[in-house]
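Encoded as C-alpha cells, the structure appears first; notes follow it.
The values are calculated or read from the model by the stated rules, or taken from the named source; none is laboratory data. From a predicted model like this one, the values you see are computed outputs, not experimental measurements. All Cβ positions, glycine included, derive from the backbone under ideal geometry; neighbour counts span all protein chains shown. Areas reflect the complete protein model, heavy atoms only, side chains present, ligands, DNA and RNA absent. Shrake-Rupley method; radii C 1.70, N 1.55, O 1.52, S 1.80 Å.
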Amino acid sequence: MVKRLLLKLFLVGAVCAVLLVVGLGTAGFLALRPPGFYSDLAANPPAAADAQAAEERIEQMREDFVYWRAQALQRQHPSGAEPGYQLENDLHTVRVSDAELNALLVAESSRLDAGELSDPRVRFEDDRASLAVTLATPAGDLVLSAAFAPAQPVGGDLRMRLVDARLGRLPLPVNTLSSWLPKQENRLSGALYLDTTGSAAELILRMDDRTKQAATPRSVRFTNGEAVVTLRAPRLAGE
C-alpha cells in the first residue's frame, strides 16, 4: 500500500513537473515572439519622405485648428457675433493616421538615443490603439506592447484606458500590473500624463490651458488605421 501511495505521489509530481516545463517553455516561446502587427510594421519602415510629408500635414492640421479656434472665439465676441451661432454645435475634427505617426516616430527615434528602448510603432484598430517598442535585455531583444481603448473625456482631458499588455505575445495581467503601480498621476512629456489612481492605468492628454479658452475633447475613436478626435469650440472668457 505504501508503495502504491509513493508511486502515485511520484506520478503526480512527474506530471506537475512536465506541466511546469511545458508552461515555462510556452511562456518563453510567446515572450520571444513579437506581436504580429509590430513584425509587419518593423519589416516595412517608412521612408524619410514619409516623415517629411507627415510633418507637413501635422503642421497644416495645427494651422487649421488655430484658425478654427480663432473664428470660434470671434463669433462669440459682441463685435463679431454671428446670427444664429450656437457654441455647442461648433465642432472641429482632427484625423491622424498610424502611418503618419509611425513615420514621425521612426524619424524621431533615429535622432535620439533612447537607451534600452528602440523602434516604437503604433497601430490604430477598431476601438483601440496599440503601442509597441523593442526592449534590449541581457537575454536579447524583447517587444513590449500595450493597447489602449478610448475613455469618456473629462473636462479638458483626453483619456485612453489600458486594456491589454504583452511581453512579446505573452499576455500580462492588466489588473495586476495596475495594482502594482503607485496610485498617482505622473507627467510623461508635455501635456501627456499617466494616471494610475484608478483600477486601470490611463493615458491622459491634457488640453486645457491657463486662459481657460481651450478647445475641449468631445470624443475620440479609433478605426482601422486612423484616430479621430472631435473637439468642442472654446468658450470666450467672460461669456
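Report yes if Leu231 is at pLDDT 85 or above, buried (at least 18 other Cβ atoms within 10 Å of the Cβ) and over 14 Å from the mean Cα position of the chain (by Cα), otherwise no.
Yes, satisfied.
Any residue at all in the stretch 88-95 that's at pLDDT 90 or above and under 21 Å from Tyr193 (Cβ atoms)?
Checked the stretch 88-95: at least one residue is at pLDDT 90 or above and under 21 Å from Tyr193 (Cβ atoms).
Counting only residues that are open to solvent by less than 80 Å² (accessible area, probe 1.4 Å), in contact with a helix residue (DSSP H, G or I) (Cβ under 7 Å, 6 or more places away or on another chain) and either modelled with pLDDT of 90 or more or more than 30 Å from Pro78 (Cβ to Cβ) (or both), how many does the stretch 181-225 have?
4
Any residue that is at pLDDT below 85 and either closer than 19 Å to Phe222 by Cβ or not in a strand (DSSP E or B) (or both) - is there at least one of those in the stretch 124-132? Don't jump to the end; show me each part of the working.
Start the filter on the stretch 124-132 by keeping residues that are at pLDDT below 85, which leaves none.
Within the stretch 124-132, none of the residues are at pLDDT below 85 and either closer than 19 Å to Phe222 by Cβ or not in a strand (DSSP E or B) (or both).
When the residues of the stretch 140-163 are filtered to those that are more than 23 Å from Ala43 (Cα to Cα) and free of Cβ contacts under 8 Å to residues at least 12 places away in the same chain, which remaining residue is surrounded by the fewest Cβ atoms within 10 Å (Cβ to Cβ)?
Gln152
Listed residues Thr137, Thr93; which is free of Cβ contacts under 8 Å to residues at least 40 places away in the same chain and either surrounded by 15 or more Cβ atoms within 10 Å (Cβ to Cβ) or in the same structural domain as Leu203 (by the TED database) (or both)?
Thr137
Over 21 Å from the mean Cα position of the chain (by Cα), in a helix (DSSP H, G or I) and more than 22 Å from Thr223 (Cβ to Cβ): which single residue out of Glu56, Glu82, Glu108 fits that description? If you could, list the steps in order and put the result at the bottom.
On the way: Glu82 fails: in a helix (DSSP H, G or I); Glu108 fails: over 21 Å from the mean Cα position of the chain (by Cα).
Just one listed residue meets the conditions, Glu56.
What is the residue count in the stretch 115-134 for residues that are open to solvent by 20 Å² or more (accessible area, probe 1.4 Å) and in contact (Cβ under 8 Å) with a residue 24 or more places away in the chain?
So the answer is 6.
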